[in-house]
């Protein structure tokens with residue numbers, strides 16, 4: 001990566017040792033992914049100071065960290081709750097290098113909508129985050145619409161996981177075509193559909209090309225595994241519609257950036273992927 005390019009990661013999970021332990025080792029659903037995805041060597045975690053040092057060394061300007069809300073589809077109960085106050089404290093320790101994505105708990109209804117507004121207006125969060133699978137609610141379910149509407153009102157984006165669920169939850173809840181309804185109803189809502197939409201990558205590409213407000217987030221999949229259609233899209237007519245990300249610790253930042261450099265992207269496509277598209281989506285930088 002050239003020195004003048006400062007990458008922006010639209011989705012990095014909480015990176016402290018305590019946060020990673022709670023998220024991946026104390027969680028019955030996610031702990032099984034650690035050995036499956038060979039993540040053991042990526043769970044050591046960073047102090048805020050160590051993380052900023054890593055960002056400086058790898059050329060990363062900013063990352064966005066969600067206060068992750070995940071429900072158990074099997075038990076119909078909370079499975080993961082990364083508290084917004086924890087992310088707020090992390091933001092404070094890291095300055096403007098870490099931004100917050102407020103995790104949506106759809107079961108809270110309008111109380112949740114008010115919490116979203118507080119997080120954006122008073123705590124400095126810069127977007128919302130939705131992991132829909134555990135609730136068994138598709139992304140176009142009416143219960144999500146008040147949250148989408150509040151994001152429009154606050155002029156912040158929403159990051160949603162799309163494509164299959166690695167957890168034991170129904171993948172159909174986040175098939176990309178569901179976002180067609182959302183993007184049509186909320187043309188001002190900036191939507192980042194994460195995880196490349198895999199295995200429905202071309203479906204998500206078609207929607208991103210159709211809707212000016214819908215973007216593809218490439219996190220959670222190492223660039224060496226990106227679908228060829230996605231690489232072609234971001235290098236041609238989809239320039240500006242794909243955001244770089246890691247979903248760390250799923251993918252390490254340095255590994256991802258090294259692999260991106262091996263994709264033979266056009267210089268403008270590379271620069272747009274790494275930070276220009278994120279600036280367009282997040283607007284606060």
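Each value in this text was obtained by applying a stated rule to the coordinates, not by laboratory testing. Note that the structure is predicted; figures quoted are calculated from it, not measured. Cβ atoms come from the backbone with ideal geometry, glycine included; neighbour counts cover every protein chain shown.
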Fully extended, how many nm does the chain gain between residue 266 and residue 149 (0.36 nm per residue separation, minus their Cα-Cα distance)? 38.5 nm
What is the gain in length, in nm to one decimal, between residue 168 and residue 222 on full extension, counting 0.36 nm per residue of separation less the C-alpha to C-alpha distance? 17.3 nm
Per residue of the chain, what 222 nm ellipticity follows from adding -39500 (n - 2.57) for every DSSP H run with n ≥ 4, rounded to the nearest 500? -10000 deg cm²/dmol
Gyration tensor verdict on region 164-285 (Cα atoms; rounded if a/c is under 1.5, prolate if a/b is larger than b/c, oblate otherwise): oblate
For residue 32, project a label point 7 Å along Cα to C-beta. Then give me every residue of region 63-95 with its amide nitrogen under 18 Å of that point. 70-80
Show me 153-160, 41-48 ranked by packing, highest mean number of other Cβ atoms within 10 Å first. 153-160, 41-48
Along Cα→Cβ, 7 Å out, is where each label goes; now give me the distance between the ones at residue 258 and residue 110 in nm to one decimal. 5.3
Site residue 18, offset 7 angstrom along Cα→Cβ, radius 17 Å on amide nitrogen, limited to region 34-52, gives 44-51
Shape verdict for region 113-174, please, from the Cα gyration tensor: rounded (a/c under 1.5), prolate (a/b greater than b/c) or oblate. prolate
Given R₀ = 22 Å, FRET efficiency for residue 184-residue 283 by Cβ-Cβ distance, to 0.05? 0.50
Which of 246, 58, 196 ends up with the largest GNM mean-square fluctuation for the chain, with Cα atoms connected below 10 Å? 58
Cα-based radius of gyration of the chain once divided by 2.2 N^0.38 Å, which approximates compact folds: 0.91
Stretch residue 77-residue 53 to full length: gain in nm at 0.36 nm per residue minus the Cα-Cα span? 4.9 nm
Given Cα pairs under 8 Å that are at least 6 residues apart, what percent is the relative contact order of the chain? 18
Region 96-149 to region 175-237: how many Å between their Cα centroids? 20
Build a GNM of the chain with springs between Cα atoms under 10 Å: which of 218, 254, 208 gets the top mean-square fluctuation? 254
How would region 20-147 be classified by its alpha-carbon gyration tensor: rounded, prolate or oblate, with rounded meaning a/c under 1.5 and the a/b versus b/c comparison settling the rest? oblate
